[in-house]
Every structure is written in C-alpha cells, then in structure tokens.
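Structure first, then comments.
The values are calculated or read from the model by the stated rules, or taken from the named source; none is laboratory data. These numbers were taken from a predicted model, which means no experiment stands behind them. Here the Cβ positions follow ideal geometry from the backbone for every residue, glycine too, while neighbour counts run over all protein chains shown. In case anyone asks, the SASA skips ligands and DNA or RNA and just uses the protein heavy atoms, side chains included. Shrake-Rupley method; radii C 1.70, N 1.55, O 1.52, S 1.80 Å.
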Amino acid sequence: MLNNSSKIMFLSILIMGTLISISANSWLGAWMGLEINLLSFIPLMSDNKLMSSESSLKYFLTQALASSVLLFSIILFLLNNSNKIFNYLMEMMIMSSLLLKSGSAPFHFWFPNVMEGLSWMNSLILMTWQKIAPLMLISYIINKPLIIISIVLSSLIGALGGLNQTSLHKLMAYSSINHLGWMLAAMYMSNTLWMTYFMFYSFLTFTMIFLFNMFKISYINQLFSLFFYSKTMKFFLFFNLLSLGGLPPFLGFFPKLMVIQEMTNNNQLMLLTFMVLMTLITLYFYIRLTYSAFMLNYYENIWLNNSNFKSMNMKIFMIFSFVSSFGLFLISSLYFLF
C-alpha cells in the first residue's frame, strides 16, 4: 500500500503526463506524455485490494501494446509522406491504438477486467482522467469509417455487456463504454460538443463512485440492504443511476440531448436511432436494478450504522445528487431567465 506522499507524487506525474499529451505540438511529444501517464498510474493501481496486482499487469500489457503500435505508426507516418494510401493506413493504426488506450469497442476487452480489480477511486481515474489524452488525440486524426465502427460497437457492447452483471465495477465499466460511443459521436460532430459531454459524464460518474466508495459497495445485492435506514438516500442513489443512463428529466439527459440535436442537424439519423435504442437497453438494466431495490427490503443483513448517514461526506453526496437529479431544471430555468 502506498503512503500519502507517494500517492500525491504519482498523481501529480499522472496529471502532468496528460497535460504534456494534450499540449504537445508533435506526435512524439504526445506519445511521451501518454507513457509518463501510464507509468505513473501503475503504482497508484497497486493497493491492497485482492485483484489489484492482476489488474495493474493487465492494464500495463494492454497499454504497452497500444503505445508500441502508436510509436511504430507515428515513425512510419513521419518517414513516408508521399503515398496517400500508406498514410491513410498509418492514420488508421494511430487511431486504433488510441481507441485501445481509451477502452473503446472493439478494443474494449481489457477494460471491464481491469476495473473489476481496482478500488473505486482508481476506477474513477480510469473512467475519467485516463480518457482525456487518448480522446483528445483521436479528435486530431478522425478516420471516418473507423470512428463510425467504434461508435456502433461501443454503443452495442456497452448496452449488452451490462445486462448480466452482478458486479458494480463491471456495470460501471460497460456504462463507460456506452458513454464512450456517445462521446465519439459528439467528437465526430464537433470538439466543443464532446468536451461538454465528457464534463457532464465525469460529474455523474464521480457522484456515483463517491457513494460506492463511501459505503464500500461492490455488488448489486449490497445495494438492496444498504439504505434501510434512509429512504431518501435510496431515492437519490437510483435517481443518480437513471441520470447516468440519460433518462429525462435528469441532468444526464442534457448532454445526450445536445448530441441528438447536433446529429439530427447533420442528417446522421440511422446512427442516432441505433445509439438511442442501445441507450434504452442500458436504461432497462438500471430500471430493473431500481425496481428490485424498491420492491425488496432485507431486514436481516443490516451491516451499517445510522451515523454513516450524518457524516460530512454524506452532505457532499446529497449536494452532488441534487445537482445530478434536478440539474436539468436548473439549466432550463437559467436558459429562460437569460
């Protein structure tokens, strides 16, 4: 287990690596930033959780493969500028390696398995901060056929993969893959749009993981017995889940609405219809979870103390939950006022 000073150091290097990547003016500079980012995240992953060593090894091998393909493609791309077909293939290879780094389908195979072995705070870093640099680099080199394939497969796998899960880590991983499909679609339309979507997604993910981490919840059956003392908490938890799924009138619907509007304006109706249908499947498993939790009360197996609900962390969570649940009303009110 790392002590706090080591964590702060590696976290600082992690942030620096991402900033180097997104501000680099050459592909080699961007690759260097990605490597710094990777090598500082590995020590952060190795905490005292049972499967953390396995997860860090899987993450390292996958990212090392992506990095080597990226470096190889960059060198070939820089050496040969005359042949258009060759350059097009190298662009596809660069983009494929970045999609692998971000965990987008069809290169998603490592993502749920790595998530399963991480603590909630490391999972949060992996689902949010670790996606910034690869996504930013993808936005520089969008390859139309490859990004559309990735959008379709990310939406499909993110929706179907979460159906059978009992682990909340894997559920959040597949939810993240589904959101990645929407982010890539937003990126296909405009840069500002995907950045806005990413900020909303990060906020909603943070709100959920804040709660899971506070009560050390890892499996769905723990949710059912968790909020016996506080029905309000139970409502807020599932409001957040539905908001993350993008159900109106919650805040999570707002970024999806922006993407729907932009894609409609650009006549991407077939792709949009498919994405919305896949999102309905993700909403189905969130609603099924919600329905079970509200219908069932486990009087035995109450393992929490009522004082947990009166802590400072709980007050912070309630504020975030309120914004997540009713943020769309706040945004609408501000829009009509100004």
- Task: Please give the length that would be gained between Thr192 and Phe274 if that part of the chain were fully extended, namely 0.36 nm times their separation in residues minus their C-alpha to C-alpha distance (nm, one decimal).
- Result: 27.2 nm
- Task: Could you calculate the FRET efficiency of Phe86 with Lys315 from 1/(1 + (r/R0)^6), where r is the beta carbon distance between them and R0 is 56 Å, rounded to 0.05?
- Result: 0.45
- Hey, can you grab everything whose amide H is under 5 Å from the amide H of Ala105? Only 5+ residues off in sequence or another chain; H modelled, so Pro and N-termini drop out. Ser154
- Classify the stretch 114-228 as rounded, prolate or oblate from the Cα gyration tensor: take a ≥ b ≥ c as the square roots of its eigenvalues, call it rounded if a/c is under 1.5, otherwise prolate when a/b beats b/c and oblate if not. prolate
- Item | 222 nm mean residue ellipticity, helices alone, for the chain (DSSP H n ≥ 4; -39,500 (n - 2.57); rounded to 500) | -26000 deg cm²/dmol
- Protein accessible area in the stretch 1-114, 1.4 Å probe - carbon and sulfur %: 71
- What are the DSSP H helices in the chain that stretch 24 Å or more along their long axis, judged by alpha-carbon atoms, and whose average Kyte-Doolittle hydropathy comes to at least 1.6? 144-161, 269-295, 312-337
- Message: Sort 247-255, 98-106, 78-86 by packing, meaning the average of other beta carbons within 10 Å per residue, with the highest value first.
- Response: 98-106, 247-255, 78-86
- In range of the label at Lys216: residues from the stretch 1-33 whose backbone nitrogen is under 20 Å from the point 7 Å along Cα→Cβ: 1-4
- Roughly what would the spin-label model give for Met121 and Leu28, points 7 Å off Cα along C-beta, in nm? 3.8
- Quick one: accessible area per residue over the chain, 1.4 Å probe, rounded to a whole number of Å²? 45
- Taking every pair of Cα atoms in the chain, average 1/r, invert it to obtain the Kirkwood radius, and report Rg/Rh to two decimals. 0.98
- If the cut-off is 22 Å between C-alpha atoms, which lysines fall inside it for Lys170, apart from same-chain ones fewer than 8 positions away? Lys49, Lys58, Lys101, Lys131, Lys216, Lys234
- Task: Using a cut-off of under 20 Å, list every residue of the stretch 164-208 whose amide N is near the label point 7 Å from the Cα of Glu54 along the Cα-to-beta-carbon line.
- Result: 164-174
- Query: So for Lys144, Lys7, what's the accessible-area order with a 1.4 Å probe, most first?
  - Reply: Lys144, Lys7
